[in-house]
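Undergrad: I am attaching a structure below and will ask some questions about it afterwards.
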Amino acid sequence: MKKIKIESFLEVYTSMDALPETIFSLMQEAILARDTAYAPYSEFYVGAAILLENGVVVRGSNQENAAYPSGLCAERTAVYYASAQYPNVAFKAITISAKGKNKATSQPIPPCGSCRQAIAEYEIRQGEAIPIYFMGDQGEVWKSDSLENLLPLLFTSKYL
Ligand code: THU
């Protein structure tokens, strides 16, 4: 039987301070976005920021609902808002920061599967990789050079 090996690589920054200037600023935007989260049920606060090709930064945060599945993650709030407000403007980079209520969140928090699938749609459409940087509320920042690197074997319109 033949086997297929799938590898992904991440770059690790020891802290936010080690990020390139533009990305440091974009991570600060994600942190500001985090403070706008509406998360009374999970008390887990997530912020995302997207740098668009036109220079605009779009922020998103998780928005929860008493009917739990009706809520939405920060990343999808941001990408859908960006695409709705600035259609066909490419995403140059995405930053994500997350924080729990009662304790420090030191480990980098990656985007969930549904958010990866949502971001993939835009990466494929623009034909250019979207670097994604994610962290907790302190500690290391992990960078993926593209969405596809975070979601190997992704489902795309080419299968339809
Ligand atoms: N959450 C995000 O905003 N992004 C993710 O990628 C993972 C989870 C939110 C959803 C929910 O409001 C809370 O974090 C706990 O799952």
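The values are calculated or read from the model by the stated rules, or taken from the named source; none is laboratory data. Everything numeric in this text was worked out from a predicted model, so none of it was measured. Positions of Cβ are backbone-derived with ideal geometry, glycine not excepted, and every protein chain shown enters the neighbour counts. Remember, those area values only see protein heavy atoms, side chains included, never the ligands or the DNA or RNA. Shrake-Rupley method; radii C 1.70, N 1.55, O 1.52, S 1.80 Å.
Undergrad: Applying the selection to the range 50-107, what residues are surrounded by 17 or more Cβ atoms within 10 Å (Cβ to Cβ), within 15 Å of the ligand (Cβ to nearest atom) and among the basic types (K, R)?
TA: Residues satisfying the conditions are R59, R76, K99.
Undergrad: Which condition number does M27 fail, the rest of (1) surrounded by 19 or more Cβ atoms within 10 Å (Cβ to Cβ); (2) in contact with a Gly (Cβ under 8 Å, 6 or more places away or on another chain) being met?
TA: (2)
Undergrad: Additional query: Please specify each residue of the range 109-127 satisfying the condition of being open to solvent by less than 30 Å² (accessible area, probe 1.4 Å), assigned to a helix (DSSP H, G or I) and either under 14 Å from S144 (Cβ atoms) or of a type in the set (K, R) (or both).
TA: The answer is C115, I119, A120, E123.
Undergrad: Checking P152 against (1) closer than 25 Å to M16 by Cα; (2) not hydrophobic (A, V, I, L, M, F, W, C); (3) not in a helix (DSSP H, G or I), which single condition isn't satisfied?
TA: Of (1) closer than 25 Å to M16 by Cα; (2) not hydrophobic (A, V, I, L, M, F, W, C); (3) not in a helix (DSSP H, G or I), only one is false for P152: (1).
Undergrad: Based on what the data block shows, is E148 open to solvent by 30 Å² or more (accessible area, probe 1.4 Å), within 16 Å of the ligand (Cβ to nearest atom) and more than 14 Å from A30 (Cβ to Cβ)?
TA: Working: open to solvent by 30 Å² or more (accessible area, probe 1.4 Å): yes; within 16 Å of the ligand (Cβ to nearest atom): no; more than 14 Å from A30 (Cβ to Cβ): yes.
No: the conditions fail for E148.
Undergrad: Sort out which residues of the range 29-44 are under 14 Å from A98 (Cβ atoms) and within 8 Å of the ligand (Cβ to nearest atom), and write them in order of number.
TA: Step one: of the range 29-44, the residues under 14 Å from A98 (Cβ atoms) are 30-37, 39, 42-44.
Once the filter is applied, which keeps residues that are under 14 Å from A98 (Cβ atoms) and within 8 Å of the ligand (Cβ to nearest atom), the range 29-44 yields A37, A39, S42, F44.
Undergrad: Taking V79 as the residue in question, decide whether it is at pLDDT 95 or above and touching a helix residue (DSSP H, G or I) at 6+ places or on another chain (Cβ under 7 Å). Walk me through it before giving the result.
TA: On the way: at pLDDT 95 or above: yes; touching a helix residue (DSSP H, G or I) at 6+ places or on another chain (Cβ under 7 Å): yes.
Against the criterion (at pLDDT 95 or above and touching a helix residue (DSSP H, G or I) at 6+ places or on another chain (Cβ under 7 Å)), V79 qualifies.
Undergrad: Determine, yes or no, whether V46 is touching a helix residue (DSSP H, G or I) at 6+ places or on another chain (Cβ under 7 Å) and open to solvent by less than 40 Å² (accessible area, probe 1.4 Å).
TA: On the way: touching a helix residue (DSSP H, G or I) at 6+ places or on another chain (Cβ under 7 Å): yes; open to solvent by less than 40 Å² (accessible area, probe 1.4 Å): yes.
When the stated conditions are applied, V46 passes them.
Undergrad: Open to solvent by less than 40 Å² (accessible area, probe 1.4 Å) and touching a residue at least 12 places away in the same chain (Cβ under 8 Å), is that true of A37? Lay out the reasoning, then the answer.
TA: Details: open to solvent by less than 40 Å² (accessible area, probe 1.4 Å): yes; touching a residue at least 12 places away in the same chain (Cβ under 8 Å): yes.
Criteria met by A37.
Undergrad: Can you pull out every residue in the range 18-33 that is farther than 13 Å from Q138 by Cα and of a type in the set (V, I, T)?
TA: Selection gives T22, I23.
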